[in-house]
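Trainee: Submitted below is the structure of interest, expressed as structure tokens.
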Amino acid sequence: MARRVAIVAVAQTKYDDLSQTNWKYNWEELLYQSVKPVLEETSLTFADDGTGIDASISCNDTIWMGSPFSAGKTDDVLGTHFRSGEKIDADGAMGVTEALWQIASGDFDIVIVGGINIDSAAPRNKVENYCFDPFYQRLMGLDMTSAGALQAQRYMYRYGITREQCARVVVKSRRNAKNNPYAFATEDLSAEDVLGSKMLAYPITALEIKPLVDGSCTMILAEEEKAKRITDKPIWIKGVKNCYDGYYLGDRDLSDCKSLEVAAQGAYQMAGITDPRKEIDVAEIGVDFSYHELLWCEGLGFCSRGEGGKLLDSGATEMGGETPVNPSGGALAGCPHTVEGLARIAEAVLQLQGEAGARQVPQAKTALAHATLGACGQWHQVMILGKEI
Amino acid sequence: MTEEQQPEVLPIIAGVDFRFKYPAGVYMSKCLHELKENAKFLGIQCPKCKAIWWPPQVVCSYCHAETGTNWVELGPRGTVVNWVVVHIPSIDPRTGELKTSQPPAAVIRLDGPEGGGANWLHFLEETDLEKIKKGMRVEAVFKPKEEREGQASDVLFFRTVEE
Amino acid sequence: MFYPKELEEVEPIWEEQLAAVSGSDIAYEVGRIGTKFFAELRDNKKIFGIRCPVCNLVYVPPRLSCKNCFTELKEWVEVSDTGTLLTYTIVYVPGENQPFEPPYAIGLIQLDGADTALMHVIGETDFDKLSVGMRLRAVFSEERDANIRDIKYFKPL
Amino acid sequence: MARFGRRVAVVGVGLSECGRSRPDVNKVELANESIRRCLDDAQLTMKDIDETVVADIDALFGIGQSQMWLTDDIAGYLKPGVKVETGGSIGGSACHSAVHHVAASASDVVLVTATSKGGGARGPIERFGAGARAQAAMTAGFHPIWDRWVFVGPLMLFAFMANDYLMWSGCTREAIAKCRVKAAQNAMKNPYAHLKREVTVEQVLNSPFVIWPLRLLEFCPMTQGSAAMIFASEEKAKKITDKPVWVEDIVTAHSKQYWTDAMVPVDWGSQEAGAVALWKRNGITNPWKEIDVFEMYDPSTWAEVIWMEWMHLCGKGEAWKLVDRGATEINGEFPLNPSGGVVSTNPGVPSTTIRYIEAALQVRGDAGEHQVPREVRRAVGHGFGGTNWNTYMLLSKDMP
């Protein structure tokens, strides 16, 4: 990388179901709730004199926003007037990577990245069905849940993962989320509660999918010199890679996660990590469905293939374990589409800054933030963040 | 099987008809309530660069200052600065239905404090193109109060006034 | 309360609208490859795959490019109407573009002669009899419109 | 040394056949068409591509998360990628992303793909015409509560623009019509153009109003097509081609979000902000003299004329006179849109990519019949979209 880049400030809103308030805030008002804190924390402005924020990246998905050119509704609060404002039409985690390369290329010094979605305003099932090709998969009525169920079933069949193990991911998530002031779903659950909730698509139940919530997350990235001036706790991006798998679900053995393995290996190589389980102190990963955490832990190399269930059983991914996974509770405790991966990076940054409060993993020096998108995890991104340069 | 034997290319119907809930937000809601209840145009002024925003919004587009509650009253009169006439059938994207003929659409600069103002895209009552001039003074004509819904369409159109 | 009290206490206004005028009535053109596949389904109740001569893989559904080597694919291969179930799920909740009223089962079926699997419905079965590895055969619809539902479902052998 | 960490060059370009509709292919096949041509142009294979950047507007084209479906057909399998969406400027934003990635050493060879392939309308919408449907779909990009009920898409915007210019500039409608005539003549020389019919001044002036005072022949068509471009690092570029086209600079400028207040005074500040930054940063004091070819995103002939002024190519109120005396023709003093521009070929998503491609082809000297009859050392491609995003790419024959 040509220049070193750090994340200098992050902020999230409390994730909540806005339908309860009749959709009180619009997109920019919700996004501004996380923009204002990062501006205040860094004392940065949008000044043009070389001290201000140079560019912005707006992250929102047109089909989840229900509108083309959707960044036109969020750009003002990101200070885009007469400056570079890009728009990433995917998870906000991709936006952070984009900001990283913008800065590393030498084009900009400071970039603000904001992601937002109002999930509760969108017809989830229809939006998800729209993501499948109109000829072979859409007319089978697929949505992300039924596609995920196919993957869960294949994974369970091939490696003997049990439904109880999957359910315990939700239990752990909710337990961790109790310590996270931004989390939405924090009630105590047992594995029986999870398995006994409404069956959506066998083997996935209503409590095994992420709840529909709304919110935003914003962060500021800066090049080395400026980062050090802005904050005494810059968190450095040490490695990142994302990767696409093939499209048709029938092309893949769904119990594999090839694109995640490629992304993880790429990120590890860039960050100089050889033994991820030992070297990574905490991981925040994109978990839309309970089984995701087990399968993604395998893809990330935290355990061998097929050992995801055993890894969970061993307690290694619990708070206090060797590699705590999702101390924040992750998306299963509530995090909107698009913001999901961005918030994982924000949580990883908080852990490394030592600002994670009750969910703090002691002495965290290296963190992993993962994001996924597409049916059955077609796209994955792995980012390694470090406290030290 | 050779290329020549292939039949015509087929279409497949697999669209998704989705409807979203679109929030106005706290600033726009406040201003729409004001339109509905009091027939007043409640804009907001940037405390820093004095730009006026209509509809009101959370930060100033120009200088990113928070607008807070720096309300200013606009209108109900304004000046026509630009206008067009739609000649083609158009679809209302909110409902998917065909819009029949519509009156001239105009950009009206609503009167504001200290010579300031804010532009609004709305309709004119005057349909004779010969009579529409730049700088023409107009005034908002509201629906009767009981028919107002808290929408921009609570203003029916702008009527030419002599000053 | 993030915003000033007078704003936070405002009664929110929202509106339900179409997202864009894509609507329920978009006709997507399937292209040459898809046309051949669907015309064979409709006219001859045959399922065709397309073979990559470099990777020696038969793709179902057929497509223009081999994703591994980017060879432009031209070699049509008829595959069997019988195959093996790789994974399945039972859908219990209503949704968009569903082929049947829930509950119904869908799965990935690798047809004999194909190297990839086709997504389809599994019919004529009790849900508790479904298992990965079971053998299934295509049942064609009586009325066929040249789309993927010309196969009504796959039934267990 | 350029202002980037590494030098970046265009090493390959590809365009699909463009037309009102391409019923012979589906979306991914259409994308594939230009990608194969692009790979052939660069004499590369899929294995040489490190990364893909997808430009698409899902809410307009009938498929969500389209990067997923496209993956297999755009040489993206098991590779990293980005998906951007900035309205019509998107094809340029995607190129900027690729430039950033190469300059930052994230990748050495990056492929950009932009495809426009909407579904055909069926049912009640069909009788309203595809044009009305497209306008409505684009109107849906503006504020749902504030703007959608009164706004009629980009058409209305450009009608306002025309009316404003008519009021103050003293221009003649013949001069603007000449702009369309020029576009048609250029498009007839361009094998990848969509509208390739000769147009006369009379035809333009007698074409019906779509939105008064904007006439049908003063606006762009609807096109289906795709475009692809490959960007590479200096080291790779020199191996790949003996005619690399160097990216000297890129600029993106966006504007405030609401449109209605942007309409008057018709404020094209972000066109200006972007262009001024581009000229200033690269020591260009007189772009009219120093730029050899300019490919502008011109959704309407009015835009082409008016934006010339906002981009500081000439003074305020002068552009129509320059057009009137033929200065922007292919053999004029400032060749503007020798490809025929967006008013001749408008696939939307790839439209800006096509501007960049055409600028690159002119620098390479490979534009064929529509190559401008002068030495091209520096060319600019411009993109416009959404709520007034503007992108600029300055391309050069000489290594920066």
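What follows draws every value from the coordinates through simple rules; no lab data is involved. Given the structure is predicted, the values throughout are model-derived calculations rather than measurements. Cβ: placed from backbone, ideal geometry, glycine included. Neighbour counts: every protein chain shown.
Trainee: Pick from C:D81, C:D112: which is buried (at least 16 other Cβ atoms within 10 Å of the Cβ) and touching a strand residue (DSSP E or B) at 6+ places or on another chain (Cβ under 6 Å)?
Mentor: Just a single option satisfies the conditions, and that option is C:D81.
Trainee: Let me ask something else. Find all pairs meeting these conditions: Cβ atoms under 7 angstrom apart; at least six residues apart or on different chains; first residue within the range C:135-157 and without any contact (Cβ under 8 Å) to a residue 12 or more places away in the chain; second residue in a strand (DSSP E or B).
Mentor: Hits for this filter: C:S141/C:K152.
Trainee: Starting from the range D:31-55, keep only residues that are part of a loop (DSSP other than H, G, I, E, B), then list their pairs with residues that are among the acidic types (D, E) and surrounded by fewer than 24 Cβ atoms within 10 Å (Cβ to Cβ) whose Cβ atoms are within a distance under 6 Å, requiring at least 6 positions of separation or different chains.
Mentor: If the second residue must be among the acidic types (D, E) and surrounded by fewer than 24 Cβ atoms within 10 Å (Cβ to Cβ), the pairs left are D:D50/D:D108.
Trainee: Report, by residue number, each residue of the range A:2-23 that is part of a loop (DSSP other than H, G, I, E, B), under 20 Å from the mean Cα position of the chain (by Cα) and surrounded by fewer than 22 Cβ atoms within 10 Å (Cβ to Cβ).
Mentor: A:K14, A:D17
Trainee: Please go through the range A:351-371 and give me each residue that is more than 15 Å from A:N176 (Cα to Cα) and either small (G, A, S) or touching a Ser or Thr at 6+ places or on another chain (Cβ under 9 Å) (or both), ordered by number.
Mentor: Within the range A:351-371, A:L352, A:Q353, A:G354, A:A364, A:A367, A:L368, A:A369, A:A371 qualify.
Trainee: Right, something else. Scan the range A:143-172 for residues that are crowded, with 22+ Cβ neighbours inside 10 Å and within 7 Å of chain C (Cβ to nearest Cβ) and jot them down.
Mentor: A:D143, A:S146, A:A149, A:L150, A:Q153, A:R154
Trainee: With C:I33, C:I50 as the choices, which residue is within 11 Å of chain D (Cβ to nearest Cβ), in contact with a Lys or Arg (Cβ under 8 Å, 6 or more places away or on another chain), within 25 Å of A:G250 (Cα to Cα) and β-branched (V, I, T)?
Mentor: C:I33
Trainee: Within the range B:64-95, track down each residue that is in contact with an Asp or Glu (Cβ under 8 Å, 6 or more places away or on another chain), at the interface with chain D (Cβ under 7 Å from one of its Cβ atoms) and without any contact (Cβ under 8 Å) to a residue 40 or more places away in the chain.
Mentor: Passing the criteria: B:I91, B:R94.
Trainee: I need a count of the residues in the range A:24-66 that are of a type in the set (V, I, T) and in a loop (DSSP other than H, G, I, E, B).
Mentor: 3
Trainee: Right, something else. Taking the range D:356-388, which residues are touching a helix residue (DSSP H, G or I) at 6+ places or on another chain (Cβ under 7 Å) and either within 30 Å of D:Y258 (Cβ to Cβ) or among the β-branched types (V, I, T) (or both)?
Mentor: D:Y356, D:V372, D:V376, D:V380, D:G381, D:H382, D:G383, D:G385, D:G386, D:T387, D:N388
Trainee: Right, something else. Taking the conditions exactly as written (in a loop (DSSP other than H, G, I, E, B) and of a type in the set (A, V, I, L, M)), does A:L150 satisfy them or not?
Mentor: no
Trainee: Moving on. When the range B:138-163 is examined, which residues are found to be part of a helix (DSSP H, G or I), away from chain C (no Cβ under 14 Å) and under 13 Å from the mean Cα position of the chain (by Cα)?
Mentor: none
Trainee: Taking the conditions exactly as written (within 14 Å of chain B (Cβ to nearest Cβ), buried (at least 24 other Cβ atoms within 10 Å of the Cβ) and of a type outside the set (A, V, I, L, M, F, W, C)), does A:G95 satisfy them or not?
Mentor: No: the conditions fail for A:G95.
Trainee: A follow-up question, please. Out of (1) at the interface with another protein chain (Cβ under 7 Å from one of its Cβ atoms); (2) under 22 Å from D:G386 (Cα atoms); (3) out of contact with any His (no Cβ under 6 Å at 6 or more places or on another chain), what's the single condition that is false for A:Q102?
Mentor: For A:Q102, the exception is condition (3).
Trainee: Then there's this: Pick out the one residue from A:G309, A:G329, A:G315 that is crowded, with 24+ Cβ neighbours inside 10 Å and either in contact with a Cys (Cβ under 7 Å, 6 or more places away or on another chain) or part of a loop (DSSP other than H, G, I, E, B) (or both).
Mentor: On inspection, the qualifying residue turns out to be A:G329.
Trainee: Conditions: (1) assigned to a loop (DSSP other than H, G, I, E, B); (2) surrounded by 22 or more Cβ atoms within 10 Å (Cβ to Cβ). D:A162 meets all but one. Number of the miss?
Mentor: The failed condition is (1).
Trainee: Quick check on the range D:351-400: of everything there that is of a type in the set (S, T, Y) and in contact with a Cys (Cβ under 9 Å, 6 or more places away or on another chain), which residue is surrounded by the most Cβ atoms within 10 Å (Cβ to Cβ)?
Mentor: That would be D:T352.
Trainee: Does the range A:119-142 hold any residues that are part of a helix (DSSP H, G or I), more than 7 Å from every other protein chain (Cβ to nearest Cβ) and of a type outside the set (D, E), and which are they?
Mentor: A:S120, A:R124, listed by residue number.
Trainee: Still on this structure: Just a yes or no: is a residue in the range C:112-125 more than 8 Å from chain A (Cβ to nearest Cβ) and not in a loop (DSSP other than H, G, I, E, B)?
Mentor: So far as the range C:112-125 goes, yes, one or more of its residues are more than 8 Å from chain A (Cβ to nearest Cβ) and not in a loop (DSSP other than H, G, I, E, B).
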